[in-house]
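K.L.:
Okay, here's the structure, questions in a sec.
Read the figures in this text as sums done on the coordinates, not as results from a lab. Keep in mind it's a predicted model, so treat the numbers as computed, not measured. For neighbour counting, all protein chains shown are included, and Cβ atoms are generated from backbone atoms with ideal geometry for every residue, glycine included.
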Amino acid sequence: MGQIKKGVTDASRRSSPAGARMAVSERLEQFERRQSELWRLTFFLLLVLSIVFAMVSWETIRSLAHRFEALPIGLVLLVALFGVYAWKRTQEISELRGLVRGIEQRDTIPPSEKQLDQLFDVISRSQQGYRDLIDSFDDILLAVSLDGQVRAANRSFADLVGAAFPQIIGRPLTEFIEEGTGDGGELAKRAMPRFLERRVWTGIVQVRLKGGNSIYYFDCVAHAMLRGNDVHGITILARDITAMRKNEARFTELFESLQEGIYIATPDDHLIDVNPALARMLGYESKEELLSRSFADLVPDEAQRRALREQVENQPMVQGREITLTRKDGKTLVCLNTAGAVRDTSGRVVRYYGALMDITERREMERRLYQQQEFARRLIDSFPDLIFVVDTAGHYTFVSPRVKDILGYETEETQTMELGGRTHLEDRPALLALFAELVAGRQAFASLESRVRNKQGEWRRLRCHFSPLFNETGKIDGVVVSARDVTELKRLEEQLIQAEKLAAMGQMLAGVAHELNNPLTAILGVTELLRDSEGVQENTKRQLELTHRQARRAARIVQNLLEFSRPAAPQKRPVDLNSLIERTLQLQDHSLRRNNVQVDFQPQSDLPMVIGDANQLIQVFLNLISNAEHAIREVRETGRVQIRIGRIGGHISVTVQDDGVGVSQEALPKLFDPFYTTKRPGGGTGLGLSICMSIVREHGGSIDVETLPAGGSAFTVYLPVAPLETSDTPLEAGTSSAETVSSVGDILKGRSILVLDDEESIRMLLEEGLSAHGMRVDCAANSQEALELVSHRPYDLVLCDVNLSSGSQGPSGREAALQIVAFSRNATKPEVIFMTGDLVEGDGSGSHIYQLQKPFRISDVLSALREALSPRPIKKLQE
């Protein structure tokens, strides 16, 4: 700079004043032209840079989740600062111009060295300022000639090519970069005429650095530099968009390869763009075909679209909303929609975007899974068994609702329980040992019965089945248990065993009763014969009468036991309730006397009969008397049972009253329910009263129960009165044999009787007793003897024992009677009267078969003989 100033000074001294002014004017004009060009270039570049930045970046800024609309405002501020900076430089130029004018006006006076220093200092600072301004640009700024030589470049270009400014200025641009495709020269030749015509060009250029393989993308704006009206150079502003292009490429690749459907739509439901996955999802051949449809065609439900639009507008992002789409073929898809909105500077939505995931199969699987779970839940709820799951530590993880019905616990109450916590101490070790075996995998299935205490404190017997529960890795994760309440089943089993014992006892009693009936028959017959014989002293008669009554009592007891243990087939006939209750009391007499329970029973005379089965009614009254006895023993050592019988309208009432514990008001409605009992555990099955109610109702009656104020209870049985035509008075037990003899003497005298019985005492009794009444009697011990007698003599009647001795190999009593009738010599076949120690039952065939039940008296035999020989149509014995 000093040399320049010295040269100027020397020239001014050597030259004339006119020459000096001309030189300064030329230099000033040159400076002003360069300044104008620089200003125009600078402001033009700023304007172009602002416009390009706004155009390129505006949509990107608007699509971001965060708002960057302030960037254009920052750009305006930057331009304003640049204007201030330029104004300051203009002031300096104005000062320079003032100095130049002064020099021109004082052309006679050469400029001083100070003025020249000031002038060059202003020029130097102005050039440095413009250079600093251009170097501050992040974008590349170039000025090249038409033949491609670099005239000016900023620091961004130097950093890109890795060269200093002196190495760049004046060198061809092709020494540093080349067009990425390798056709840069040909492209420049083809584009130059059009550029010279329009003098401006914008576009994206793909370049590669010399000696490198990396591709760069620049968004370029080129303007012609004019000198006058001629183009003598080109200014290029290039913005590096390589990263943006790579991001766009990656986004495009991602957009095209995503399996989820992507869509972009306008607020008026017009589709802007979709990816191929959405087209495939909806059954379209291509995305172009799908773009021809509207969003409303895909989601025809207006309510869904409106709800989606409201959510997107009120939330930054809507995630996981379920919507239903319609495919091209009309089928529906269930999708999860994640959507958002793009807004302009005023906040108005300009477009929507979203991602769709097809979950139709998932929803179908969920529906099937729900159905399976619901089926399993309903199946478990409908099981009569209790189902529960226990983990390896013995804690309950699942308990079915049946726990409420079986054990009385709510499901929530079992969460704090452990396996075996409510199990009987005697059963707990076996339960825990079995559980350990299952958890260890040593058993795959096991069963066990154990006693468990319910919420009310009662012990219930549960039959449990165990099986291990495996997790997804095949490891035992717990144990599944199904438990069935078998308390009542066990009770029924015990009752069945007891019934079998009673049945066996009944068979034994039947055999004993049959064997007892034969000697009792002999005792009754002999005492009766001796008592009715002439010349017997009164003292002897009284003793014989006492013996006879006791034998009759023994016979009645045997009869009652036989009827109770082996009841005959139900046969409803007129029944005298007075005698029926007396027979019942005889059966219960021993137990009542042993437990100090007195019975007050007052029979009522002139009571009509009822139609019923005697054995079943005995069972009813026996159960009521037994319950009364138990009720008394609950509260005291002795007690009293009162039995009252009477008539109320068309019914006979029998009331069994006790002074025992009574029946609570809570138990009254359930007293006749099966298996309900108020007795202590083991004291009853709860079936007695329910059976009694069933029997009484089957007889057309009813049972009432009441609790007495003074304690105890009263059960009243109501049975309908028998119709008058069926109420025939039976033969009284107290009818004297003399009356019977007088009524049958004329019919039986002279009759021939054959007695077939394997008991000698019976044969002797009948032979002596019947012979005393004028009948001819022959006796046989077996069928062979009887047939021998029949072959020689005719008989009017045959008295045959049904159960002949089992030791003989001959026929039974009925078969022997048939043979005797068949071999009879007289034209009129003899009548047959069977004798048996078992219960006498009708055969139900309508045939008239005479039967005598042991033990019997001679008077009973005479009555049977008279009935068999009475003048009426004879009904012969049927096979």
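K.L.:
Figure the gain on full extension for R343 and A393 (residue separation times 0.36 nm, minus the Cα-Cα span) and round it to one decimal in nm.
P.N.:
12.0 nm
K.L.:
Rounded if a/c is under 1.5, else prolate if a/b is larger than b/c, else oblate: which is region 208-360, with a ≥ b ≥ c the root eigenvalues of its Cα gyration tensor?
P.N.:
Judged from the Cα gyration tensor, region 208-360 comes out prolate (a/c at least 1.5, a/b above b/c).
K.L.:
Right, something else. Stretched out fully, how many nm does the piece from E785 to D159 gain, at 0.36 nm a residue minus the Cα gap?
P.N.:
210.3 nm
K.L.:
Now for a separate question. Could you tell me which of rounded, prolate or oblate describes region 348-446, using a ≥ b ≥ c as the square roots of the eigenvalues of the alpha-carbon gyration tensor, with rounded for a/c under 1.5 and, failing that, prolate when a/b is larger than b/c and oblate otherwise?
P.N.:
Since a/c reaches 1.5 and a/b is larger than b/c, the shape of region 348-446 is classed as prolate.
K.L.:
A further question on this structure: Any idea how far apart Q851 and L492 come out in nm if each label point goes 7 Å out from Cα toward Cβ?
P.N.:
3.3 nm
K.L.:
Can you order the peptides 641-654, 202-215 by their average number of other Cβ atoms within 10 Å per residue, highest first?
P.N.:
641-654, 202-215
K.L.:
Once the cut-off is 18 Å, how many percent of the Cα-Cα pairs in region 134-258 end up in the long-distance tail?
P.N.:
57 percent
K.L.:
Oh, and also: Shape of region 203-274 from its Cα gyration tensor (a ≥ b ≥ c, root eigenvalues): rounded if a/c is under 1.5, otherwise prolate when a/b > b/c, or oblate?
P.N.:
Oblate shape, in that a/c is at least 1.5 and b/c is the bigger or equal ratio.
K.L.:
Ordered by packing density, taken as the mean number of other Cβ atoms within 10 Å over each peptide's residues, highest first, how do 628-634, 221-227 rank?
P.N.:
628-634, 221-227
K.L.:
Can you work out the FRET efficiency for the pair E437 and I691, with r the C-beta to C-beta distance and R0 = 35 Å, to the nearest 0.05?
P.N.:
It comes out at approximately 0.20.
K.L.:
Can you pull the one-decimal nm distance between simple spin-label points at E867 and L530, each 7 Å off the Cα toward Cβ?
P.N.:
2.9 nm
K.L.:
Further question: How big is region 405-559 by Rg and Dmax over its Cα atoms, in Å?
P.N.:
Rg, Dmax (Cα atoms, Å): 32.3, 107.
K.L.:
Going highest first, how would you order 783-792, 272-281 by mean Cβ packing within 10 Å?
P.N.:
272-281, 783-792
K.L.:
If you split all Cα-Cα distances of region 409-499 into 5 Å bins from zero, what percentages do you get per bin, shortest first?
P.N.:
Values per bin, smallest distances first: 3, 12, 19, 22, 19, 12, 7, 4, 1, 1, 0.
K.L.:
Efficiency by 1/(1 + (r/R0)^6): what FRET value for R594 and E472, r their Cβ-Cβ distance, R0 = 51 Å, to the nearest 0.05?
P.N.:
For R0 = 51 Å, the calculated efficiency reads 0.15.
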